[in-house]
Amino acid sequence: MAIAKKAVVWGLFAAGGTLTSFIYPALIALFLLIATGNVPAGLQFEQFHTFAVSWLGKACLFIVLFLSLWHAAHRLRVVAHDFGIRKDKLVANTLYTVAAIGTVLAAFYLFSIS
Amino acid sequence: MSRNPYVRPVSTTTWYMRHGRYKVYVLRELTSFLVMFYSFLTLVGLSALAASAERWDAFLASQQGTGMMVFHAVALFYFLFFQTFPWFKLAPKAMPVQVGEKKVPDNTIIIGHYVAWAVLSLFIFWLAGVL
Amino acid sequence: MGTRNIELEVMRYDPEKDKEPWFQTYTVPCLEDWVILDAINYVKDNLDTTLAYRWSCHMMVCGSCGMMVNGEPVLTCKTFVRELPDKVRIEPLENFPIERDLVVVLDDVMQKLHQVQPYIIRKDDPPAEDQEYIQTRGSLAKFKQLTMCINCMCCYAACPQYALNKDFIGPAALALAHRYNRDNRDQGKSDRLDILADHDGVWDCSFVGACSEVCPKHVDPAAAIQQMKVDGAVEFWKQKMGIPGDKS
């Protein structure tokens, strides 16, 4: 049902948007810190690996990646439309496939951290 | 009198150049590229983490450099001013809260978002060992 | 009170003579307290009786005089000349076909306003003596802002999604639907759902927010649409999880 699909997709977009708005500045700031050569203690292999091994850590990382990917995919679909690319079905399928691949990869990597 | 309505053409590719508020909207929406980028960058990091300590250290090393510093700094400001802050500003519109007869003022909700954001960011920094 | 000469660049279009619109310039001596509608009326009365345009109340309640003034959709009876530069460009409302001069064809939005079923819908039909529907001030406060719409259509002129897709139901119609969905006397939410949840309904909106920025009555249609999106998403999950949804 097309109606239902839009509601789900938008829900993911909204949740992802809220999450990224809150979390991404800190995430980007961490990348910035790493870029200066100062890797904080919590991101050294020992610490971060321990975090990623825990189920809580896995859950957090997965949710962040899952929602971010779907948020970006849906939004980029709208961006494409706004820039005159009218093949909505093709654009949507491509972007959501990318998000799905990312989600699967996230699950795979997280699952294999032990 | 015969009707002959004239339809003014709209460019599907450059319509946003017509007004400042449209340009701001487009800049806001383009932050989604950053979200996609950082998601995949994090995925790359995760794959290194899952592989070995050496791969993780190599990933960290690959993320160092002035070029990356500039990129992340610009991305941070762009994201803050065109995603995070606008999102907070629009939040009260999507979730109006009414107590009795009075609507909770938009500013209260917006400030609440800022506070939550600050607390969450500090928590993340603490987790990462920055603090 | 002195006068200031304003140069009005007005879009003209004669459907029987012109292939496309063109601009005609008039110089109007404006008094300090004039609104731009006064300047246009001056043109009609003194300079060019052939100019066609809509206006009525001159007090921001009828919604007739919406036009583009220097690229901004406004009510011309609400836009003061003293806040405008010496050169003012007047065009018919954006995103609508031009009927003649500054008059636009509003058939599309008129049809959309009807489509959302903008009236109280009841599922029951109590006898007359039981037909008192209590509405507290708190209940009214939930949707009162949405009742302020005067159908001026400035929001459609501002909305880029409507510009790109004329099938989009659009801000005023959606705000109107929300006005009834939020009215505690109404039980027609599910009746309106088909239109709203359709792909040309609320989901076509990308929250540009231009509609709310230009609305002369502060209806905030953008907020209304986002609330309907939230309602739609929540309603979907409620149904999936078997929680009884909003029967109204």
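FYI, it's all coordinate maths here, none of it is from the lab. Predicted model only: the values in this text are computed from it and were never measured. Cβ coordinates were reconstructed from backbone atoms using ideal geometry, including for glycine residues, and neighbour counts include every protein chain displayed.
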### Message
Quick check on chain C: helices-only [θ] at 222 nm, where DSSP H runs of length 4 and up contribute -39,500 (n - 2.57) each and the sum goes over total residues. Nearest 500, please.
### Response
-8500 deg cm²/dmol
### Task
Please report, in whole Å, how far the alpha carbons of the range B:13-67 spread along each principal axis, starting with the longest.
52, 23, 15
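First select every other residue whose beta carbon is under 12 angstrom from the beta carbon of B:Asp106; then total the charges, Lys and Arg +1, Asp and Glu -1.
Summing Lys and Arg as +1 and Asp and Glu as -1 gives +2.
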### Message
Just to confirm my numbers, what's the Cα centroid distance between the range C:193-248 and the range C:4-25 in Å?
### Response
39
### Message
Using the Cα atoms of the range A:2-111, I'd like the radius of gyration and the largest Cα-Cα distance, Dmax, both in angstrom.
### Response
16.4, 49
### Message
Using 29 Å as the Cα-Cα cut-off, could you pick out the over-long pairs in A:Lys58/B:Lys93; C:Lys19/C:Lys166; B:Lys93/C:Lys189; C:Lys87/C:Lys217?
### Response
A:Lys58/B:Lys93
### Summary
The computed P(r) of the range B:79-131 puts the percent of Cα pairs beyond 19 Å at 40
### Message
Give the separation of the Cα centroids, the range A:89-114 to the range C:97-167, in Å.
### Response
42
## Note on the structure
Using alpha-carbon positions, the gyration tensor of chain B gives root eigenvalues a ≥ b ≥ c; with a/c under 1.5 called rounded, otherwise prolate if a/b exceeds b/c, else oblate, the class is oblate
#### Entry: Label point distance in nm, B:Ser52-C:Lys166, each placed 7 Å from Cα along Cα→Cβ
6.5
### Task
Give the cysteines in chain C for which no other Cys Cβ lies under 4.7 Å away, or write none if there are none.
C:Cys30, C:Cys65, C:Cys77, C:Cys149, C:Cys152, C:Cys154, C:Cys159, C:Cys205, C:Cys215
### Other-chain or far-sequence residues with amide H under 5 Å of C:Ser64's (modelled H)
C:Ser56, C:Cys57
### Positive-end residue of B:Ala51, C:Cys155, B:Ala116, charge dipole of the protein assembly as shown with Cβ unit charges
B:Ala51
### Query
Using r as the Cβ-Cβ distance of B:Ile111 and C:Glu16, and R0 as 45 Å, what FRET efficiency do you calculate, to the nearest 0.05?
0.15
### Query
Radius of gyration and Dmax for the protein assembly as shown's Cα atoms, expressed in Å?
26.7, 85
### Query
Over chain C, what lengths in whole Å, largest first, do the semi-axes of the equivalent ellipsoid take, defined as the square roots of 5 times the eigenvalues of the alpha-carbon gyration tensor?
40, 19, 16
### Message
Taking the number of other C-beta atoms within 10 Å as the exposure measure, put C:Met148, C:Met67 in order starting with the fewest.
### Response
C:Met148, C:Met67
## Note on the structure
The local net charge around C:Cys152, scoring Lys/Arg +1 and Asp/Glu -1 for residues other than C:Cys152 whose Cβ lies under 11 Å from its Cβ, equals +3
### Query
Can you give the translational diffusion coefficient of the range C:3-104 in µm²/s, computed by Stokes-Einstein from the Kirkwood radius over Cα pairs at 10 °C and 1.306 mPa s?
117
### Query
To the nearest 20 debye, what is the magnitude of the charge dipole of the range C:3-104 about its Cα centre, counting +1 on the Cβ of each Lys and Arg and -1 on the Cβ of each Asp and Glu?
100
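Estimate the FRET efficiency between C:His199 and C:Glu32 by the formula 1/(1 + (r/R0)^6), using the beta-carbon distance for r and 45 Å for R0, to the nearest 0.05.
Rounded to the nearest 0.05, the efficiency is 0.35.
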### Message
Per 0.36 nm of contour for each residue apart, how much would the distance between C:Glu132 and C:Asp107 grow if the chain were fully extended, relative to their Cα-Cα spacing?
### Response
5.4 nm
### Task
Can you figure out the FRET efficiency of C:Met148 with B:Thr66, using R₀ = 51 Å and their beta-carbon distance, to the nearest 0.05?
0.40
### Query
To the nearest 20 debye, what is the magnitude of the charge dipole of the range B:14-114 about its Cα centre, counting +1 on the Cβ of each Lys and Arg and -1 on the Cβ of each Asp and Glu?
560
